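As structure tokens, the structure follows; a few thoughts come after it.
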Amino acid sequence: MFHFFAYFFKLKHIKRWNLWKNNRDENVMEHNGEVAAIAHMLVTIHNERYNGNLDANRASTLAIFHETGETLTGDVVTPIKYNNPELNAQFKRLEAIAEKRMCEQIPADLRNTYDPLIMDRHSFPEWPFVKAADKITAYIKCVDEVKSGNSEFLRVKNTTYNAIQALDIAAVNDFMIEFIPSFSLALDELI
């Protein structure tokens with residue numbers, strides 16, 4: 001018996017932004033889906049507009065599994081995780097142990113497919129687009145919270161926007177121009 005998916009589906013119970021006042025809670029499972037959709041689009045833009053040759057489906061798959069270790073560690077908020085280099089190194093070691101443990105919950109004959117997606121995801125050429133999509137979803141969360149009157153997200157909204165701009169990836173810049181403004185609109189303005 002292998003417990004990978006029983007653990008993996010617990011991601012829907014892990015709250016993101018857990019130290020922030022949230023007007024709407026977000027869980028890790030929905031976050032993975034959002035990152036997967038955006039990563040797919042980023043790679044598609046990269047391929048179609050900038051002569052890229054990456055795999056948009058692989059980007060989506062990497063995104064789906066990019067928080068797998070959090071099934072065992074929970075979500076640690078960015079200001080805590082990255083505040084201290086020594087603490088950050090410890091978190092990275094803990095995440096690696098959790099990811100390895102999760103991969104051990106997959107039958108051996110299937111691990112050649114899943115181990116790289118979970119433990120070696122950083123080695124794929126699509127990974128920078130997944131990380132960019134991760135930042136974009138954080139920015140969208142900030143936009144939503146600020147739009148609903150939560151001023152606690154104002155500073156992180158600006159910081160996240162600047163981090164996205166600093167990536168200097170053409171496909172990311174296109175996405176931010178073409179898709180992000182819609183998130184500030186009300187539903188009846190989208191119609």
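The values are calculated or read from the model by the stated rules, or taken from the named source; none is laboratory data. Please read all numbers here as calculations on a predicted model, not as lab measurements. Cβ atoms come from the backbone with ideal geometry, glycine included; neighbour counts cover every protein chain shown.
For the range 4-22, give me the residue count where each residue is in contact with a helix residue (DSSP H, G or I) (Cβ under 9 Å, 6 or more places away or on another chain), surrounded by fewer than 14 Cβ atoms within 10 Å (Cβ to Cβ) and not charged (D, E, K, R).
So the count comes out to 3.
Matching residues to (1) in contact (Cβ under 8 Å) with a residue 40 or more places away in the chain; (2) assigned to a helix (DSSP H, G or I); (3) closer than 20 Å to S148 by Cα:
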residue: F9; (1), (2), (3): no, yes, no
residue: K12; (1), (2), (3): no, yes, no
residue: H31; (1), (2), (3): yes, yes, yes
residue: I45; (1), (2), (3): yes, yes, no
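Cβ-Cβ below 7 Å, separation at least six or inter-chain, first residue in the range 95-108 and in a loop (DSSP other than H, G, I, E, B), second at pLDDT 95 or above and hydrophobic (A, V, I, L, M, F, W, C): which pairs?
If the second residue must be at pLDDT 95 or above and hydrophobic (A, V, I, L, M, F, W, C), the pairs left are Q105/F2; Q105/F4; I106/F2; I106/F4; P107/F2.
Go through E178, E126, E189 for me and flag whichever is charged (D, E, K, R) and surrounded by 14 or more Cβ atoms within 10 Å (Cβ to Cβ).
Of E178, E126, E189, the one residue that is charged (D, E, K, R) and surrounded by 14 or more Cβ atoms within 10 Å (Cβ to Cβ) is E126.
Quick one: which of T68, T61 is on the phi < 0 side of the Ramachandran plot, of a type in the set (V, I, T), assigned to a loop (DSSP other than H, G, I, E, B) and modelled with pLDDT of 95 or more?
Result of the check over T68, T61: T68.
Among the residues of the range 46-75, write down those that are aliphatic (A, V, I, L, M), more than 20 Å from Y7 (Cα to Cα) and surrounded by 21 or more Cβ atoms within 10 Å (Cβ to Cβ).
A59, the sole residue that qualifies.
Could you please find all residues in the range 23-33 being surrounded by fewer than 18 Cβ atoms within 10 Å (Cβ to Cβ) and of a type in the set (D, E, K, R)?
R24, D25, E30
This table checks each residue for (1) touching a strand residue (DSSP E or B) at 6+ places or on another chain (Cβ under 7 Å); (2) at pLDDT below 95; (3) among the small types (G, A, S).
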residue	(1), (2), (3)
G74	no, yes, yes
Y82	no, yes, no
E95	no, yes, no
K100	no, no, no
N112	no, no, no
D120	no, no, no
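Within the range 140-155, track down each residue that is crowded, with 21+ Cβ neighbours inside 10 Å and either touching a residue at least 40 places away in the same chain (Cβ under 8 Å) or in a loop (DSSP other than H, G, I, E, B) (or both).
K141, E145, F153
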